[in-house]
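No value in this document is a laboratory result; all are computed from the given coordinates. These numbers were taken from a predicted model, which means no experiment stands behind them. Here Cβ is always computed from backbone atoms with ideal geometry, including for glycine, and neighbour counts include all displayed protein chains.
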Amino acid sequence: MYSIDFRRLLVLILVLFPLISKAGVVIVGTRVIFPGAQREVSVRLENKNTNPVLVQTWLDQGQENVNIDEIELPFILTPPLFKMNEGRGQTVRIIATDTSLLPQDRESVFWLNVHETPPRPVNADEINYLQLAFKTRIKLFYRPAALKNSPTDEDEINRLQWSLVSGDKRGVGVKLVNPNPYYVSFTSIVVEQNGIFKALGADMVAPFSEVIFYPANAKDNILNVESKIHAALINDYGGGVNKKIIVH
């Protein structure tokens, strides 16, 4: 039986079939906030490629491989399919249809997908080439009109409840209770104990929920002693908001 070295095979493919494209359609911003009082919001795209591309856009609720035709959401995107010339921009409108179907006491999260496909090379029939399509995804947060703050307002951050908990086979973890109606997102969460810093597996925390974070490195252990939590939250504009918390 023959064995295949897939790494060498990949290198061979890349040598024999030169790449003709790279991810180049950029979404301006790292997240989209859809205020419930508005009927629509706009998202700006820019084509940084040196060639035109075909772009398709859609929303989903986190099902990355779902059939687009089967998605039913209270939003429509326009245009959903379009050509972008090199160096040009395009505005995509996200229009609400019936957001009464969504919870009005908390945020809802969706994913905006931008799929780009480059054109075939002019001499495609004469050469070997590998054509790649690229997809970019960012979060869209629907924020009902009754919610007047943002997740990184000082009052909202101060209501977050942090503590050390044990009992799981992974040992001691950091528990976060989110009593707020907003999704809380982090770029990093680090525990400081006796001058030693240990990174946790930071993630997004849904409204009115709780999560236990454990060290990102399985070899790290958290001690059940007074600790400092260094949390870097993400605001509505994609910027960072740093918070230090003492937990016992």
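Counting neighbouring beta carbons within 10 Å and listing from fewest to most, the residues 135, 219 come out as 219, 135. Charging the Cβ of each Asp and Glu at -1 and of each Lys and Arg at +1, and nothing else, the dipole of the chain about its Cα centre rounds to 540 debye.
A simple rule links phi to the HN-Hα coupling: the Karplus curve 6.51 cos²θ - 1.76 cosθ + 1.60 with θ = phi - 60°, which for segment 142-158 gives 8, 10, x, 4, 6, 8, 9, 9, 10, x, 9, 4, 4, 4, 5, 5, 5 Hz, with x for Gly and Pro. Residues whose amide H comes within less than 5 Å of that of residue 216, counting only those at least five positions distant or on another chain, are 199, 200, 201 (H built at 1.01 Å from N in the peptide plane).
For segment 213-230, backbone phi angles converted through the Karplus equation (6.51, -1.76, 1.60; θ = phi - 60°) give residue-by-residue couplings of 9, 10, x, 5, 8, 4, 7, 7, 10, 9, 8, 8, 9, 4, 9, 10, 9, 9 Hz, Gly and Pro being listed as x. Computed over segment 154-247, relative contact order equals 27 percent, with contacts defined as Cα pairs under 8 Å that lie 6+ residues apart.
Computing FRET efficiency as 1/(1 + (r/R0)^6) for residue 157 and residue 197, where r is the C-beta to C-beta distance and R0 is 22 Å, gives about 0.60. Among 187, 97, the order by Cβ neighbours within 10 angstrom, fewest to most, reads 97, 187.
Placing unit charges on each Cβ (+1 for Lys and Arg, -1 for Asp and Glu) gives the chain a dipole about its Cα centre, and among 177, 111, 247 the Cα reaching farthest toward its positive end belongs to 247. Remark on residue 208: its backbone amide H falls under 5 Å from those of 180, 182, a criterion applied only to residues 5 or more positions apart or on other chains, H modelled at 1.01 Å from N. This ranking places 142, 237, 183, 214 by how few other beta-carbon atoms lie within 10 Å of each, fewest first, which gives 237, 214, 183, 142.
The longest part of the chain holding none of the exposed loop GluC sites (Glu not before Pro), meaning those outside H, G, I, E and B in DSSP with at most 13 other Cβ atoms within 10 Å, is 127-225. In this Cβ point-charge picture (+1 for Lys and Arg, -1 for Asp and Glu), segment 154-247 has a dipole of about 340 debye about its Cα centre.
The slack in the chain from residue 26 to residue 42, taken as 0.36 nm per residue of separation less the alpha-carbon distance, amounts to 4.3 nm.
For the chain, the longest principal axis of the Cα atoms and the long axis of helix 6-16 meet at an angle of about 40 degrees.
Here each label is just a point 7 Å from Cα along the line to Cβ, and for residue 187 and residue 68 those points are 3.2 nm apart.
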